[in-house]
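In what follows, a structure is listed as structure tokens, so that the remarks can point back to it.
The values are calculated or read from the model by the stated rules, or taken from the named source; none is laboratory data. Model, not experiment: these values are computed from the prediction. As a convention, Cβ positions derive from the backbone with ideal geometry for all residues, glycine included, and neighbour counts pool all protein chains shown.
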2 protein chains.
Amino acid sequence: MQDNAQGNARPAVTISAVASAAGVSVPTVSRVLNGRSDVAPATRERVEALLREYGYRRRGAVAPAPSGLVDLVFNDLDSPWAVEIIRGVEEALNGEGLSVVVSAIHRRGGTDSTRKWLDTLGDRASDGAILVTTDLDSFLHAELQRLNLPVIVIDPAGVPDLEVPTIGATNWTGAVAATEHLVEQNHRRIGFVAGRPGLWCSRARLDGYRAGLDAAGLAFDPSLVVPGDFDYASGFAAGVELLAREDRPSAIFAASDQMALGVYEAARQQGLRIPDDLSVIGFDDLPEASWASPPLTTVRQPLSEMGMLAARTLVRLMRGEPVESPRIELSTKLIPRASVRALA
Amino acid sequence: MQDNAQGNARPAVTISAVASAAGVSVPTVSRVLNGRSDVAPATRERVEALLREYGYRRRGAVAPAPSGLVDLVFNDLDSPWAVEIIRGVEEALNGEGLSVVVSAIHRRGGTDSTRKWLDTLGDRASDGAILVTTDLDSFLHAELQRLNLPVIVIDPAGVPDLEVPTIGATNWTGAVAATEHLVEQNHRRIGFVAGRPGLWCSRARLDGYRAGLDAAGLAFDPSLVVPGDFDYASGFAAGVELLAREDRPSAIFAASDQMALGVYEAARQQGLRIPDDLSVIGFDDLPEASWASPPLTTVRQPLSEMGMLAARTLVRLMRGEPVESPRIELSTKLIPRASVRALA
């Protein structure tokens with residue numbers, strides 16, 4: 001498509017050649033290139049010396065950003081998180097004179113679709129990439145390493161042990177705060193609708209709920225925990241199940257706002273009013289939380305701020321500056337609205 | 001930032017030079033360049049001959065797309081429409097091997113901010129632009145003409161008489177359908193919460209409501225029309241006002257989903273249940289309409305399809321093909337859910 005001057009300037013030296021010369025693994029070289037601090041100083045020095053010797057050009061560290069483009073990549077754009085993150089990233093990069101290319105990998109398209117997208121990415125010489133992911137695709141991740149782009153992951157789901165810097169939120173702490181809020185309003189039977197199984201953020205929110213109960217001296221009752229997958233329909237089903245019991249809970253904490261809205265509808269269909277007959281708390285603070293009736297008390301996950309921080313951190317990597325920590329978590333915050341009532 | 005080979009290939013000949021040589025206005029030359037059909041054939045021929053003679057290069061018509069980038073431009077990314085449109089545009093352009101740069105003009109930044117963004121746009125040699133607008137900024141519009149980019153406007157608000165092809169939705173017809181639906185359920189006192197004043201889509205929705213009443217032989221009662229601005233808070237205020245009356249309406253049709261959700265909350269605060277005590281219809285069918293409790297009956301505006309059509313039409317313009325019509329409206333559709341009940 002273009003007479004890619006940037007493309008020709010790309011290094012012929014591969015990371016794996018440097019790794020084998022240094023006697024370290026490819027991921028270790030990646031860690032050095034990505035500015036990670038978890039590499040022994042002696043190893044870092046050896047790898048950096050070889051990178052220089054082999055003439056390996058760390059993009060952005062030598063010359064100013066060549067294309068002015070940064071890729072922001074989602075698995076799918078139907079995540080309710082997407083627009084909040086786009087807004088934060090766009091705002092931060094706009095200030096740096098950089099432009100944001102938004103892509104959805106179209107997971108349903110499989111590897112072929114991902115490869116096609118990677119070819120496009122290679123053609124236009126992006127300066128860096130921000131991946132937003134709940135499930136990190138290892139193929140994608142390896143390919144991006146191969147393209148030798150600075151990469152940051154915005155990871156609301158809390159995938160640990162990535163090879164690249166990640167930005168997350170304090171899921172566990174937020175769940176503790178939500179549970180404590182209900183306990184302070186004298187709720188003793190608190191149902192929990194869990195997030196998608198297998199994601200770390202789901203585990204962290206469940207553990208936070210347990211810790212909140214524990215701190216209040218309340219026993220954990222596994223029968224009050226109902227599985228969900230973050231989506232509305234699963235919250236509705238969980239609400240139907242919890243509210244059908246004779247000893248139904250007086251409050252339900254759902255691990256996402258959409259599931260909390262599903263609980264609202266389950267309550268309405270059983271003739272229960274919120275908050276009079278049931279208190280509800282969500283998690284995320286998407287715009288629809290404040291448009292719910294009654295407005296939903298929830299735990300705010302600062303998605304646009306996470307986008308801004310990811311963008312600023314990426315710019316530092318593009319300039320060849322190291323980052324302090326491989327993972328940064330921004331704090332969550334309880335936002336009290338009108339869906340929780342104090343029991344006597 | 002880059003050694004812009006594309007930039008050097010840009011025409012030195014200006015549209016205004018061609019216009020004055022042809023004895024026509026600058027907008028007329030733009031219409032020819034934008035493939036509009038509302039130019040007299042003789043005029044079109046004369047202008048095209050001069051464009052050839054002057055060596056004016058219509059970008060994309062002569063060579064394949066040089067940068068592979070298309071700009072998608074919003075006033076602000078906090079519109080609830082944004083992510084739906086991004087998804088449609090991204091999906092259609094991805095299939096063409098094109099990448100989507102998403103920008104917010106940051107209206108609060110004023111002309112300086114817009115100019116800075118235009119400079120960035122010029123630097124990276126975008127192949128075309130899709131503007132999403134409720135208020136067309138005439139400065140921005142003139143500057144984009146000057147850059148000589150193929151431009152399409154996605155215009156949910158219904159701004160008429162743009163110089164570029166626009167994609168909209170059938171606002172009037174959708175409002176007729178919503179009103180007819182309420183009438184068929186035997187509602188006779190139907191309140192209306194209007195959209196932001198001064199926008200054509202607001203007028204079209206109000207006129208559709210009046211036409212629907214008229215077709216049913218119901219008198220239009222101006223006291224049942226309350227102003228709004230599309231946002232939640234204005235819907236809440238309008239709901240409070242309409243429901244405080246002794247002769248309160250049995251149904252309220254709000255010109256946006258967010259205002260309809262505001263009406264929900266106004267009803268709840270007055271102890272009224274939806275749909276038992278009040279029927280409500282919205283407009284847009286954003287995701288939150290189906291997450292409302294009860295799920296909101298609304299008029300679907302096909303935002304992602306509008307995005308896809310805009311993208312496909314832009315690709316045709318980039319190839320130098322004319323488009324059939326300067327404005328295309330996609331149909332809206334009533335989506336019955338659970339917020340309307342039949343009166344006896």
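A few comments on the model shown:
- Selection from the range B:185-220 of residues that are free of Cβ contacts under 8 Å to residues at least 24 places away in the same chain and either touching a strand residue (DSSP E or B) at 6+ places or on another chain (Cβ under 9 Å) or not assigned by TED's automatic domain parsing to the domain that holds residue B:278 (or both): B:210
- Residue within the range A:241-262 that is under 30 Å from residue B:77 (Cα atoms) and polar (S, T, N, Q) present: yes
- Residue check for residue B:265: of a type in the set (Asp, Glu) and surrounded by fewer than 24 Cβ atoms within 10 Å (Cβ to Cβ): yes
- Filtered by the rule that a residue be within 11 Å of chain A (Cβ to nearest Cβ) and either surrounded by 24 or more Cβ atoms within 10 Å (Cβ to Cβ) or under 14 Å from the mean Cα position of the chain (by Cα) (or both), the range B:294-319 gives B:296, B:304, B:307.
- Any hit, the range B:49-66, residues being surrounded by 15 or more Cβ atoms within 10 Å (Cβ to Cβ), modelled with pLDDT under 80, over 30 Å from the mean Cα position of the chain (by Cα) and at the interface with another protein chain (Cβ under 10 Å from one of its Cβ atoms): no
- Filter result for residue B:230 (surrounded by 16 or more Cβ atoms within 10 Å (Cβ to Cβ), of a type in the set (Phe, Trp, Tyr) and in a loop (DSSP other than H, G, I, E, B)): yes
- Only one of the listed residues (A:242, A:218, A:286) is surrounded by 21 or more Cβ atoms within 10 Å (Cβ to Cβ) and either hydroxyl-bearing (Ser, Thr, Tyr) or at pLDDT 95 or above (or both). That residue is A:242.
- First in the range B:139-155 and at positive phi, second anywhere and surrounded by fewer than 21 Cβ atoms within 10 Å (Cβ to Cβ) and outside any helix (DSSP H, G or I), Cβ under 9 Å, 6 or more apart: B:148/B:10; B:148/B:11; B:148/B:14; B:148/B:56; B:148/B:57; B:148/B:58
- Top-ranked residue of the range A:269-283 - restricted to ones that are surrounded by fewer than 20 Cβ atoms within 10 Å (Cβ to Cβ) and facing another protein chain (nearest Cβ under 9 Å), ranked as nearest to residue A:342 (Cα to Cα): A:273
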